[in-house]
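S.K.: Just passing along the structure, written as structure tokens.
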Amino acid sequence: MANQRETEPEVTNPVNKIGTENEHSLHAALKEWYAQPGDEIEAYVDGYIVDLVRFYPHGEQELIEIQTKNFYAIARKLKVLAERHHVRLVYPVPVEKWIVRTTATGEFIRRRKSPKKGKPIHLFTELIRVPDLLNGKNLVIEVLLTREEEIWCEDGKGSWRRKGASRQDRKLLEVVDRIELKNHKDLLGFLPEGLTAPFTNKELASLLGEPVQIARMLTYSLRKCGLIKTVGKKGNELLFAIGGNRFDHTTSGVIK
């Protein structure tokens, strides 16, 4: 079989509306969990509706946007608001998830724990669509690690992988941890300890314990942020470097 040249990860920008029905319960629950006394909810700022506006002493304020998927749909809004305001983008990653199956009329059938476990690095499945989001000033990304229920309705309209069940909703059970990314340089913390430059996506994936596709999303995003660069090829695989032979994690820490 002929060797295939490594290609960039495919980046698609969905056209889903912000706040679709599949997001309603989770979005509302996260907004309630995040809100503090004194926050303005669903406030109108510079022509946009913002989930939460938080006020601090000395007249400072922060705009808080909760987005459960599709960063591309909200990217322009965030960049416009960040020109004049401090903005925080909150994104949930389910580290534990339970699947709840219901009938087409909403009656409970069964509940099981999903074998899939989300990790902070899965942020890049969304960030790959707008990898330069943290390059500007005034924008912070906060990753919430959550426990969730996902509701599957056996209505015959879903994927064959789910035996015809369609995903109806996501429900928040608990927020177990949070990670704050204050600027694009914090993204280097996703690179694992023991990574030596130059490295390939396969080598990175092995150290991460993730599929190569996740490694490609990470290196693509870091390249677009100007944090790493291609320095050659190893066979048909791209080689990447960060500037030195080994990345010093003492400045930002490793995000696991």
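S.K.: Say R0 is 22 Å: what FRET efficiency, to the nearest 0.05, do ASP46 and ASN135 get from their beta-carbon distance?
M.R.: With a Förster radius of 22 Å, E is 0.60.
S.K.: What are the extents of the Cα atoms of region 70-174 along their three principal axes, listed from largest to smallest and rounded to whole Å?
M.R.: Principal-axis extents of the Cα atoms in region 70-174, largest first: 49, 24, 20 Å.
S.K.: Take the Cα atoms of region 192-241, build their convex hull, and give its volume per residue in Å³.
M.R.: In region 192-241, the Cα hull volume divided by residue count equals 69 Å³.
S.K.: In the structure shown, do any of LYS79/LYS113; LYS117/LYS234; LYS119/LYS224; LYS69/LYS116 have a Cα-Cα gap over 28 Å, and if so which?
M.R.: LYS79/LYS113; LYS117/LYS234
S.K.: Still on this structure, I have one more. Can you work out the Karplus-derived ³J(HN,Hα) for every residue in region 107-123? Use 6.51 cos²θ - 1.76 cosθ + 1.60 with θ = phi - 60°, whole Hz, and x for glycine or proline.
M.R.: Computed from phi, the couplings for region 107-123 are 7, 5, 10, 6, 9, 9, 7, 6, x, 7, 10, x, 10, x, 5, 5, 3 Hz.
S.K.: Can you compute the modelled spin-label distance between TRP33 and ARG147, with each label point 7 Å from Cα toward Cβ, in nm?
M.R.: The two pseudo-label positions are separated by 1.1 nm.
S.K.: With θ taken as phi - 60° and the coefficients 6.51, -1.76 and 1.60, list the Karplus ³J(HN,Hα) couplings across region 57-62 in order, rounded to whole Hz; mark glycine and proline as x.
M.R.: x, 6, x, 6, 9, 10
S.K.: For ASN183, what charge total do you get from the other residues with a beta carbon under 14 Å from its beta carbon, if Lys and Arg give +1 and Asp and Glu give -1?
M.R.: Here the count lands on 0.
S.K.: Let me ask something else. Which of the trypsin sites (Lys or Arg not before Pro) across region 60-163 are loop residues per DSSP, with 14 or fewer other Cβ within 10 Å?
M.R.: ARG84, LYS116, LYS117, LYS137, LYS157, LYS163
S.K.: Using a 10 Å cut-off around each Cβ, can you sort THR219, THR125 from fewest to most neighbouring Cβ atoms?
M.R.: Starting with the residue having the fewest Cβ neighbours, the order is THR125, THR219.
S.K.: A further question on this structure: Work out, step by step, the length gained on full extension between ASN183 and ARG110: first 0.36 nm times the residue separation, then minus their alpha carbon distance; give nm to one decimal.
M.R.: 22.0 nm
S.K.: Rounded to the nearest 5, what is the percent of antiparallel bridges among the DSSP beta bridges in region 21-182?
M.R.: For region 21-182, the DSSP antiparallel bridge percentage is about 55.
S.K.: Could you list the GluC sites (Glu not before Pro) in region 33-89 that lie in coil according to DSSP, counting only those with at most 13 other Cβ atoms within 10 Å of their Cβ?
M.R.: Of the GluC sites (Glu not before Pro), the ones in loops of region 33-89 whose Cβ has at most 13 other Cβ atoms within 10 Å are GLU60, GLU83.
S.K.: Oh, and also: What shape does region 28-83 take by its C-alpha gyration tensor, where a ≥ b ≥ c are the square roots of the eigenvalues and a/c under 1.5 counts as rounded, a/b above b/c as prolate, and the rest as oblate?
M.R.: Oblate, since a/c reaches 1.5 and b/c is not below a/b.
S.K.: Could I have the simple spin-label model distance between GLN61 and ARG76, label points 7 Å from Cα toward Cβ, reported in nm to one decimal?
M.R.: 2.3 nm
Here, each number is a calculation from the coordinates, and none is a lab measurement. Predicted, not measured: the structure shown is a model, and the values here were computed from it. With ideal geometry, Cβ positions are generated from the backbone for all residues, glycine too; neighbour counts draw on all protein chains shown.
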